[in-house]
Amino acid sequence: MSKIINTSDRPQPLTDLLSVPLAAVTSANGEMAKTQLDFLLTTCFTKNAGVYESNNIEQSSSNTFNCSYLTH
């Protein structure tokens, strides 16, 4: 059952007031995820014969960092 909420132009069903912004946010979230995936695949992986292989990144640092707390 939809309730009517008066707006300055015309009344709109409450379900439209809630579902339209939610659908827009969901769509934007999907587009953002696709963009992030495309970025990762193009910068961190190489596609060879239909298979993605990770690119190795070589780093050097004069500072030492103990990552042992990450394994607990």
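Read-outs throughout are calculated quantities, based only on the coordinates presented, and are distinct from any laboratory measurement. Just so it is clear, the structure is predicted and the values come from calculations on it, not from any experiment.
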Per-residue ³J(HN,Hα) for region 16-25, Karplus 6.51 cos²θ - 1.76 cosθ + 1.60, θ = phi - 60°, Hz, x for Gly and Pro: 5, 5, 8, 7, 5, x, 5, 5, 5, 5
Karplus (6.51, -1.76, 1.60) ³J(HN,Hα), θ = phi - 60°, over region 44-54, in Hz, Gly and Pro reported as x: 10, 9, 10, 9, 10, 6, x, 10, 7, 10, 6
